[in-house]
Amino acid sequence: MASPAAEALTVPEVMAALRLGRSKVYDLFRSGALPSFTIGRARRVAADDLTTYIRTQSRSL
């Protein structure tokens, strides 16, 4: 079983996975296309949400 911390990705990890810049990743958060949550001032993305987003985008091509 993976630890909960391993399942919560940081913004730089999301940027690397999607090969996008910081501004575009935050645009995805604001639009609701990619769900995220905050812990204090830190923004995190559930690994499952990122996987779902990638699958959704690949189907729309």
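The values are calculated or read from the model by the stated rules, or taken from the named source; none is laboratory data. Here the structure is a predicted model, which is why all the values come from computation and not from measurement. FYI the Cβ positions are ideal-geometry reconstructions off the backbone, even for glycines, and counts take in every protein chain you see. These area figures cover heavy atoms from the full protein model, side chains too; ligands, DNA and RNA do not enter into them. Shrake-Rupley method; radii C 1.70, N 1.55, O 1.52, S 1.80 Å.
Just checking, how many residues over segment 28-61 are over 11 Å from the mean Cα position of the chain (by Cα) and among the charged types (D, E, K, R)?
Qualifying residue count, segment 28-61: 4.
Taking only segment 36-50 into account, find how many residues are over 13 Å from Thr10 (Cβ atoms) and open to solvent by less than 60 Å² (accessible area, probe 1.4 Å).
So the count comes out to 1.
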